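Below is one structure, written out as structure tokens, with a few remarks after it.
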Amino acid sequence: MKVALVHEWLESYAGSERVLEQLLEIWPEADLFAVCDFLPEGQRGFLRGKPVQTSFIQRLPAARRRFRWYLGLMPLAIEQLDLAGYDLVVSSSHAVAKGVLTGPGQLHVSYVHSPMRYAWDLQHQYLRQAGLARGLKGAYTRWLLHRLRIWDRASAAGVDVVVANSAYIAERIRKVWRREAVVVHPPVDVAGFGPGGEREGHYLIASRLVPYKRVELVVEAFRRMPGRRLVVVGDGPGERLVAEAASGAPNITLRGRVSQEELVRLTQTARAFVFAAEEDFGIAMVEAQACGTPVIAFGRGGARDIIRPPPMPHPTGLLFPEQSAPAVMAAVERFEALSPAIRPEDCRRNAERFSREEFRAAMQELVERHLPATEPV
């Protein structure tokens, strides 16, 4: 069986690339396609030396640094990739990859990280943040996003099997594409995070410091709880905002970026991991659970797939109902009252549902179920 794997673009080894890495574990003989490939040499090991067939965007002026400027051309670019002759096409998509053209006799399975947020429900926020709410450039961008929405929904109709990375994303797919999606959670390196060490009593948040992560909200909550320690790990453009929120609070420690080994140690010894973002999935929460650490999280997005709150049997954490400091404070107090019922072994067992092995087994079973019975996998 001939297999093609279609990735959005290759720029860095991040979350979607970890999915691609596991798809290559399932189908090591597959051919690989992408809109463009500017992955640094030091991060290419997971591709196993496999060549990447790219689109014309690879050769456009300044594409290496500014390929996102060509978003309006990407639907055309992805449709020019020639996938004739492949029995199975698996796309990994958060923008245009699911728009590849396939024909009768070909099975197209698309693993969707999210429909294009900036073209759908987050359009107005995107325009404000980019300074494009008004003016000629703003008008052009609105027209472009309008055209992308039309193409996005039309191209979704050409996918045979839509796979979402969480129930939250399946709901978004149903809303914008009017398609039903199978949920297969993304692969997490559960083996790299394990229980160990004595609990040191601190609470932990580890995250990129960007606005939507709402780290400053957690910091503000702990400013109002001086008897509880918070350790903040991570860096990013929101560092100043977080530092201002923590100013003068001796119970809050800002660690910046730390090594992987130190991150694992801090997670293993934390009383609980706190997470206030609305994520499509939320790999950091699974990593905390893999260390046997309870999670206190905002109860929307992927957290609802991951955390088992009371009164569920074998609870692994708590969910709070809104992104506010008082809600975080109330959740911490409730957690401390309920924490004897949350056992490290239950947290670890919960995390194992999201392992790389579970991802590979689920994807392979799904493809086998939809291929003709005479076709081997």
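Checked against (1) under 20 Å from residue 288 (Cα atoms); (2) outside the structural domain of residue 293 (by TED's automatic domain parsing); (3) modelled with pLDDT under 90, residue 197 passes all but condition (2).
Looking only at the range 213-229, residues that are among the acidic types (Asp, Glu) and loosely packed, with under 15 Cβ neighbours inside 10 Å come to 0 in all.
So how many residues does the range 312-329 have that are part of a strand (DSSP E or B) and of a type outside the set (A, V, I, L, M, F, W, C)? Walk me through it before giving the result.
Residues of the range 312-329 part of a strand (DSSP E or B): 317-320.
Next, from what is left, pick out any that are of a type outside the set (A, V, I, L, M, F, W, C): 317.
Of the residues in that region, 1 qualify.
Give me a count of the residues in the range 343-377 that are touching a Phe, Trp or Tyr at 6+ places or on another chain (Cβ under 8 Å) and either at pLDDT below 95 or within 19 Å of residue 317 (Cα to Cα) (or both). Of the residues in the range 343-377, 1 are touching a Phe, Trp or Tyr at 6+ places or on another chain (Cβ under 8 Å) and either at pLDDT below 95 or within 19 Å of residue 317 (Cα to Cα) (or both).
Within the range 214-230, residues that are within 20 Å of residue 200 (Cα to Cα) and at pLDDT 95 or above sit with their Cβ atoms under 9 Å from residues that are assigned to a loop (DSSP other than H, G, I, E, B) and among the basic types (Lys, Arg), at 6+ positions apart or across chains, in these pairs: 222/228; 222/229; 228/271; 229/271. Among the criteria (1) in contact with a Lys or Arg (Cβ under 7 Å, 6 or more places away or on another chain); (2) farther than 21 Å from residue 271 by Cα, the one residue 316 does not fulfil is (2). So is residue 127 free of Cβ contacts under 8 Å to residues at least 24 places away in the same chain, at negative phi and out of contact with any Ser or Thr (no Cβ under 7 Å at 6 or more places or on another chain) or not? So residue 127 does not fit the description; no.
Every condition in (1) surrounded by 14 or more Cβ atoms within 10 Å (Cβ to Cβ); (2) assigned to a loop (DSSP other than H, G, I, E, B) holds for residue 196 except the one numbered (1).
So for the range 26-35 (the condition being farther than 21 Å from residue 368 by Cα and in contact with a Phe, Trp or Tyr (Cβ under 9 Å, 6 or more places away or on another chain)), does at least one residue qualify? Yes, there is a match, as at least one residue in the range 26-35 is farther than 21 Å from residue 368 by Cα and in contact with a Phe, Trp or Tyr (Cβ under 9 Å, 6 or more places away or on another chain).
Any chance the range 21-44 includes a residue that's modelled with pLDDT of 95 or more, within 19 Å of residue 163 (Cβ to Cβ), among the aliphatic types (A, V, I, L, M) and touching a helix residue (DSSP H, G or I) at 6+ places or on another chain (Cβ under 6 Å)? Checking the range 21-44: at least one residue is modelled with pLDDT of 95 or more, within 19 Å of residue 163 (Cβ to Cβ), among the aliphatic types (A, V, I, L, M) and touching a helix residue (DSSP H, G or I) at 6+ places or on another chain (Cβ under 6 Å).
Residue 299 falls short on exactly one of the conditions (1) surrounded by fewer than 24 Cβ atoms within 10 Å (Cβ to Cβ); (2) touching a Lys or Arg at 6+ places or on another chain (Cβ under 8 Å), and that condition is (2).
None of 288, 277, 249 is surrounded by 24 or more Cβ atoms within 10 Å (Cβ to Cβ) and either of a type in the set (Lys, Arg) or closer than 18 Å to residue 220 by Cβ (or both) except 277. Residues that are in contact with a helix residue (DSSP H, G or I) (Cβ under 9 Å, 6 or more places away or on another chain) and under 17 Å from residue 125 (Cα atoms) were ranked within the range 135-147; the one that is surrounded by the fewest Cβ atoms within 10 Å (Cβ to Cβ) is 146. Exactly one residue out of 210, 258, 182, 232 is surrounded by 17 or more Cβ atoms within 10 Å (Cβ to Cβ) and not charged (D, E, K, R), and it is 232.
Within the range 215-225, can one find any residue that is within 25 Å of residue 129 (Cβ to Cβ) and of a type in the set (Lys, Arg)? Checking the range 215-225: not a single residue is within 25 Å of residue 129 (Cβ to Cβ) and of a type in the set (Lys, Arg). Considering 354, 281, the condition of being aromatic (Phe, Trp, Tyr) and under 26 Å from residue 242 (Cβ atoms) is satisfied by 281 alone.
The selection criterion, being more than 26 Å from residue 168 (Cα to Cα), touching a Phe, Trp or Tyr at 6+ places or on another chain (Cβ under 6 Å) and not in a helix (DSSP H, G or I), holds for residue 81. Scan the range 332-363 for residues that are crowded, with 16+ Cβ neighbours inside 10 Å, free of Cβ contacts under 8 Å to residues at least 40 places away in the same chain and within 20 Å of residue 226 (Cβ to Cβ) and the total you get is 0. The criterion of at least 2 residues that are modelled with pLDDT of 95 or more and within 15 Å of residue 192 (Cβ to Cβ) is met by the following helices (runs of 4 or more DSSP H) wholly inside the range 246-311: 260-269, 283-290.
The values are calculated or read from the model by the stated rules, or taken from the named source; none is laboratory data. Bear in mind the structure is a predicted one, so any value in this text is a computation, not a measurement. Note that we place each Cβ from the backbone using ideal geometry, even for glycine, and neighbour counts take in every protein chain shown.
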